[in-house]
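Notes to accompany the following structure.
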Amino acid sequence: METSQSNDPCTSSVTACDLVTVPTRQGLEAVDILRRGAGEVVGPVLHDDGDDTLAFLVPPGTAAAWDVPGSTCTRTDGRGLRRDPEPRVRGSDWLVPPGEADLATDPAVLRRALGEAARMIEAADSCR
């Protein structure tokens, strides 16, 4: 069941946003899908080269109901999640920096984009 949550602004330097983590390939497709959507908002997105993942900032509380296969959603409660322009972890960088995106990504919209991205990747891989 999809439920839409409001795009709570993550305005402090330490936020209580949750993180949805996906493989880089699926995440990049989802970012493209969200950016092409009419009025869709992409919140900050962190790229971790070491783990080959993307992490989307989503409103707090998302982790309690997140059930998208191939992804995880983690509660941060503000512990160590800083929206600094420069990530503090070596090998990570903002794909969509906090300054360019002041809102968290809507979980229902992200869920649809990740599903579409997975289908696109599956179709492309089946053509090989």
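Scanning the stretch 23-60 for residues that are surrounded by 15 or more Cβ atoms within 10 Å (Cβ to Cβ), part of a loop (DSSP other than H, G, I, E, B) and not acidic (Asp, Glu) returns Val41, Val42, Gly43, Pro44, Pro59, Pro60. Scan the stretch 58-75 for residues that are under 15 Å from Leu46 (Cα atoms) and modelled with pLDDT of 95 or more and the total you get is 3. Scanning the stretch 78-123 for residues that are at pLDDT 90 or above and exposed (fewer than 12 other Cβ atoms within 10 Å of the Cβ) turns up Arg119, Glu122, Ala123. Residues that are in contact (Cβ under 8 Å) with a residue 60 or more places away in the chain and over 12 Å from the mean Cα position of the chain (by Cα) within the stretch 113-128 comprise Glu116, Ala117, Ala118, Met120, Ile121, listed in sequence order.
Every condition in (1) modelled with pLDDT of 90 or more; (2) more than 19 Å from Asp48 (Cβ to Cβ) holds for Cys127 except the one numbered (1).
The values are calculated or read from the model by the stated rules, or taken from the named source; none is laboratory data. As the structure is a computational prediction, the values presented were derived from the model and not from experiment. We place every Cβ from the backbone using ideal geometry, glycine too, and count neighbours over all the protein chains shown.
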